[in-house]
Amino acid sequence: MKNITVVGVGYVGLVTAVCFADLGNRVVALDINEERIENLKKGIMPIYEPGLAEVAARNVKAKRLFFTTSYKEALADAEFVFIAVGTPEGVDGEADLQYVRMAAESIAQNMDHPLIIINKSTVPVGTGDWVADIVRQNQPEPIDFSVVSCPEFLREGSALSDFLNPDRTVLGSEDLEAAERVAQLHLPLRAPIMVTDLRTAEMIKYASNAFLATRISFINEIANICEALGADVKEVARGMGYDKRIGHHFLEAGVGYGGSCFPKDVKALAYMAQVHGKHPQLLHAVMEINAYQRKHVILKVHELLDGVKDKTIALLGLAFKQDTDDMREAPSLTIAEYLHERGAHVRGYDPVAMEVAKRLMPYVEMCGDAYELATGADALITLTPWNEFKQLDMERIKSLMRTPALVDGRNLYDPALMHRIGFAYRGIGRGYNGAGEKA
Ligand code: UGA
């Protein structure tokens, strides 16, 4: 058992705290947001993440997991302190580090014994050194500490299992002994542990997210070419994926990536490159293609409806992806706003994100389920690949709609079947299949 403190109870922080507690450690999770901490003490999670509330409750009960707003209390017995605060996008696309700074200052002011400070937040390359400077400058008297970078690779919606079954643990530090102790903490995860220097570890996180985003933009570009040439991108991706050098993951064409990570991290990496006089052409192309995918979906709706003014348009799925209520950079936001501004009546349904979505899109009429959503609609657009959308009674959906226009922004349905049912169907990159005729 180790004593661990986690600063920040957002996605990464809370999952880190809960999982380390579940591995048998004593964990204190700290946040400066009192309401969040009070709620957590009552078992109310600030985010929707499958399994999180149950595992948190189990560890609170076992007295392995504690919540506090007090740095003094949180650091009293700590050996390791994880910084897992938000790094939102700043004005020019660079990461905004104000929360990391606040955390580092507070740790420095409240520590009374040596600590290993581990950065889990996605931070610009060089931040580890900067954190060390801040801690040094803010300590009332010098106490030993080390900074280790340990980037997190978990995905929303499968965060617990991603944390507990990582492909690898990356550790970066100039202090090899500290890195070794952090490595010990990760041994129960039974994944390869790589130790490198601080800046390289920080870069591994950005390069990984940028690479995954590039795969998505790549397949989206191929999808758009498939549409022009009559090929089906789903089959193309399947055929490509059998090549072990390529693999099947992250080759799903659609409405483009969203969420709190890829958009922000690709932009931040491009910004870092530019600040240092480099020209990140590929990263710019990745972002451009991603932005275009939203427009591409809108163009398909226009094509099927001959304009959107006074039309009722139904958005099936609002969250940026399935199994989350996260609406950050969700394609639905851009698409709903565009349609609303052009005079369409926009409706939406999402299994878990509607509460959050209502606040962000007050002009969208929220519906109780997919069938209510379809009733009287002129077009239905799928925007989130929730499992429950894959087996809908599509004949019923069609019969409920005013005009059966289906824009499948996530390629959830079989184009041929949709044509047979009587939909005017458009998928993403489905070639002759999607258009139902030779282009
Ligand atoms: C992503 C990374 O996958 C994690 O490894 C990383 O830790 C995390 O960012 C982070 O930096 O914190 P996440 O944003 O939760 O995780 O979600 P993903 O499952 O990666 O999906 C990102 C976006 O890409 C979603 O909008 C998803 O719908 C889209 N996507 C994904 C596609 O359009 N096509 C695909 O083939 C895969």
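Before moving on, here are some points about what is shown:
- Residue in region 191-236 that is farthest from H249 (Cα to Cα), counting only those that are in a helix (DSSP H, G or I) and charged (D, E, K, R): R199
- Each residue in region 237-246 was checked for being part of a helix (DSSP H, G or I) and either away from the ligand (no atom under 11 Å from the Cβ) or open to solvent by 80 Å² or more (accessible area, probe 1.4 Å) (or both), and 3 pass.
- Any pair with Cβ under 6 angstrom, 6 or more apart, that starts in region 138-162 at a residue that is within 16 Å of the ligand (Cβ to nearest atom) and ends at one that is part of a loop (DSSP other than H, G, I, E, B) and open to solvent by less than 20 Å² (accessible area, probe 1.4 Å): C150/K120; E152/K120; E156/T324; E156/D326; G157/T324; A159/E49
- Wholly within region 323-439, helices (runs of 4 or more DSSP H) carrying at least 2 residues that are in contact (Cβ under 8 Å) with a residue 40 or more places away in the chain: 331-341, 370-374, 431-435
- Filter result (open to solvent by 60 Å² or more (accessible area, probe 1.4 Å) and more than 21 Å from E156 (Cβ to Cβ)) within region 247-288: Y271, Q274, V275, H276, K278, H279, Q281, L282, H284, E288
- Which listed residue is out of contact with any Lys or Arg (no Cβ under 7 Å at 6 or more places or on another chain), of a type in the set (A, V, I, L, M) and under 24 Å from L316 (Cα atoms), from A268, A285, A291: A291
- Scan of region 171-188 for residues that are outside any helix (DSSP H, G or I) and crowded, with 22+ Cβ neighbours inside 10 Å, ordered by number: L171, G172, S173
- Test: residue in region 215-229 that is over 25 Å from the mean Cα position of the chain (by Cα), of a type in the set (A, V, I, L, M, F, W, C), open to solvent by less than 20 Å² (accessible area, probe 1.4 Å) and not assigned by TED's automatic domain parsing to the domain that holds R294: yes
- Tally of residues being in contact with a strand residue (DSSP E or B) (Cβ under 9 Å, 6 or more places away or on another chain) and open to solvent by 10 Å² or more (accessible area, probe 1.4 Å) across region 395-412: 7
- Residue check for A191: surrounded by fewer than 19 Cβ atoms within 10 Å (Cβ to Cβ), touching a Lys or Arg at 6+ places or on another chain (Cβ under 8 Å) and of a type in the set (A, V, I, L, M, F, W, C): yes
- Which numbered condition S260 misses (of (1) within 9 Å of the ligand (Cβ to nearest atom); (2) at pLDDT 95 or above): (2)
- Within region 90-106, residues that are under 16 Å from V125 (Cα atoms) have Cβ atoms under 6 Å from residues that are open to solvent by 50 Å² or more (accessible area, probe 1.4 Å) and at pLDDT 90 or above in these pairs: G93/K267; G93/Y271; E94/Y271, counting only partners at least 6 apart in sequence or on another chain.
- Whichever residue in region 292-349 is more than 16 Å from the ligand (Cβ to nearest atom), touching a Phe, Trp or Tyr at 6+ places or on another chain (Cβ under 8 Å) and open to solvent by 10 Å² or more (accessible area, probe 1.4 Å) and, among such residues, is nearest to E221 (Cα to Cα): I298
- Residue check, L299 among the hydrophobic types (A, V, I, L, M, F, W, C) and either part of a loop (DSSP other than H, G, I, E, B) or under 28 Å from M45 (Cβ atoms) (or both): no
- Within the option set L212, L229, L282, L187, being more than 9 Å from the ligand (Cβ to nearest atom) and within 29 Å of I83 (Cβ to Cβ) holds for one residue only, L187.
The values are calculated or read from the model by the stated rules, or taken from the named source; none is laboratory data. The structure displayed is predicted, hence computed values, not measured ones. Positions of Cβ are generated from backbone atoms using ideal geometry, with glycine treated the same way; all protein chains shown enter the neighbour counts. Side chains are part of the model used for accessible areas, which takes the heavy atoms of the whole protein and leaves out ligands, DNA and RNA. Shrake-Rupley method; radii C 1.70, N 1.55, O 1.52, S 1.80 Å.
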